[in-house]
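Read through the structure below, which is laid out as structure tokens, and then see the notes.
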Amino acid sequence: MRPGPPQVMQAAAKVLEEVSLGMTDEQEITRLRGVITLLSILQGEWDTCASARVASISRYADIARRGSQLTEGDRRERLNLALARVDDAASDFRISSLEATLDQLKTTIIELQRWLEDSDGPEHAALRTEIWRAEYEDARNEDRNTPLW
Amino acid sequence: MDSSTFATRAAAYLRDAMGISDLDVSNARKIIGGASRHTWSVDARWDDADGTSQMQGLIFRLDPPSSLLESNRGTEYSMYRALYGNPGIPLPEPLFIEDDEGALGMPFFVMRRLEGTPWPLELFMPDAQERRQSFIRQMFSVLGSIAAVDYQAVALDGVLVPPSRDDAWAVELERWEKTLHDHDLGPMPITQAVIRELRRDPPPPVAQIRIVHGDYRVGNVLFSADGLTAVLDWEMCHLGDPHEDLAWSFARNWRSRTTPGKIANALAPDDAIAEWEATSGMRVDPESLRWWQLFTHVKANAIWTTAAHEFSEGRTNELMFATMGWLLIGTQEKWALEDLGVAP
């Protein structure tokens, strides 16, 4: 099997570590350590970078679908339009495309969340909770700092 | 600029500014960590009229073309001038401010270098708990002294604009919301939700408008073997609610995963509050503190976003700027949801 990008990144980080051992300039060593840390994070994320975004899109699309059932008029239309765009991009797994779909869904979610905060009713409350859950899951996936400190 | 070039240009400037023709500069080194300004340390040497050799360590704070924050050099310098010599607030002596880019390629100011390090080993050594506690206690005692200063008595009312007691929170929230807007990196539903929550449930009016350092934390103060020697990095200083500084210094960003309940691996927040209350002469309002702790996530994310935006726009190729946006925003949002009490 060919060495994959994570293995190559690991090897690159090792080279940088070896180089840093021979250095004396504190500033340069700190910069090099920064690069090594980034390489190790990229290495860890490589395998799941598409699937994590697909999962986020799925979570937010579910929320948009539920939101569409609770809303009407222009708001419902905007949610349906966002969902149609998700369907259109469903077979495009480029990270840039997944990011664009996710951003567009997040914009829709911001509007929905704001509306739900001013709405009463058990279904509204349940969807508010569901949004917090989805956002927390997203933030946990994006939490790259906790493992470092 | 390399060290040798900086030394040559700094020497030329200092000869003129200090009126000493034989002044020389050595040991020029750029200090790591400053993201909003470039900081250089130098040794200036000259002979007195009677032939006695003199040496003075100096710090140059330069405004880079791309900065983590749009900060006001004049304000920061004014803070040093206004508070230098104030009992209980150790500061480096400010010496010169220079708006002309000719001397060093950027505007800058100069101050005396004080001994100490922002990250003393005691903060990390397991067997230095007592010493570490003493350092961090002092940090909060000094913060209380800053909060105790009457800004009008030190003539800062002409430098900083005081908000009203009712809307100090709104001024800061709007400031950082605008920063987020001006450095848009894409939709941030969590941060937006936190901003709405902060607006829905504002803190009580401030008891007294005071000086707020704006970035008071481990890393922005110097410690020597004798304790705290200097409070640095005043570029985010403003007038407002002193709870803001307490909340910022309590943030999880400056805590360790191994001792998350302690500030800087040393002190429980209640102990820090006791130190602060003793020197500030004020009482902490838990409701206000909670509001400002939640606000901390908005402010921090505005800073991380600004850094990432500057990098994305190609205004800097500093790795630190890219790293801040990429590493920290998700973590900050996760903490915000936990502090908001809505995390599952």
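Read-outs throughout are calculated quantities, based only on the coordinates presented, and are distinct from any laboratory measurement. Quick caveat: nothing in here was measured; it's all calculated off a predicted structure. Ideal geometry is used to build each Cβ from the backbone, glycine not excepted, and the neighbour counts take in all protein chains shown.
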Exercise. Note down the nm distance, to one decimal, between modelled labels 7 Å out along Cα→Cβ at A:V19 and at B:A278.
Key: 5.0
Self-check item: Isotropically averaged projected area of chain B, using the convex hull of Cα atoms (one quarter of hull area), nm²
Solution: 18.6
Self-check item: Degrees, to the nearest 10: B:129-148 long Cα axis against longest axis of chain B
Solution: 90
Practice problem: Please give the average number of partner chain Cβ atoms lying within 10 Å of the Cβ of each residue in B:324-336, rounded to a whole number. | Solution: 6
Quiz item: Hey, what's the per residue convex hull volume over the C-alpha atoms of the range B:72-119, in cubic angstrom?
Solution: 104
Quiz prompt | Per-residue mean of C-beta atoms belonging to partner chains within 10 Å, peptide A:130-137 | solution = 5
Exercise. Return A:V15, B:V154, B:V221 ranked ascending by Cβ neighbour count within 10 Å, so the fewest neighbours appear first.
Key: A:V15, B:V154, B:V221
Quiz prompt | Highest-fluctuation residue, B:M282, B:M139, B:M18 considered, GNM on chain B with Cα pairs under 10 Å | solution = B:M18
Self-check item: Inter-label distance, nm, simple model (7 Å from Cα along the C-beta direction), B:D157/A:V35
Solution: 5.5
Quiz item: To the nearest 10 degrees, how steeply does helix B:319-340 sit against the main Cα axis of chain B, on a 0 to 90 scale?
Solution: 30
Self-check item: Kirkwood Rh in Å, taken over all unlike Cα pairs in the protein assembly as shown
Solution: 25.0
Self-check item: Cβ-derived FRET efficiency at R0 41 Å, B:D166 paired with A:S91, nearest 0.05
Solution: 0.15
Practice problem: Give me the aspartates and glutamates in straight-line cross-link reach of B:K334: C-alpha distance below 14 Å, same-chain residues under 8 apart excluded. | Solution: A:E135, A:E137, A:D138, A:E142, A:D143
Quiz item: Please state the relative contact order of the range B:154-248 as a whole percent: Cα pairs under 8 Å, 6+ residues apart?
Solution: 35
Practice problem: Ignore the peptide's own chain and count Cβ atoms of other chains within 10 Å of each Cβ in A:108-115; give me the average, rounded. | Solution: 3
Quiz item: In nm, to one decimal, how far is the A:A125 label point from the B:E313 one, both placed 7 Å along Cα→Cβ?
Solution: 4.4
Quiz item: Out of B:P163, B:H309, B:G105, whose Cα points farthest toward the positive end of the dipole of chain B (charges: +1 Lys, Arg; -1 Asp, Glu; placed on Cβ)?
Solution: B:H309
Exercise. Could you work out the relative contact order of the range A:25-126, using alpha carbon pairs under 8 angstrom and six or more residues apart, expressed as a whole percent?
Key: 29
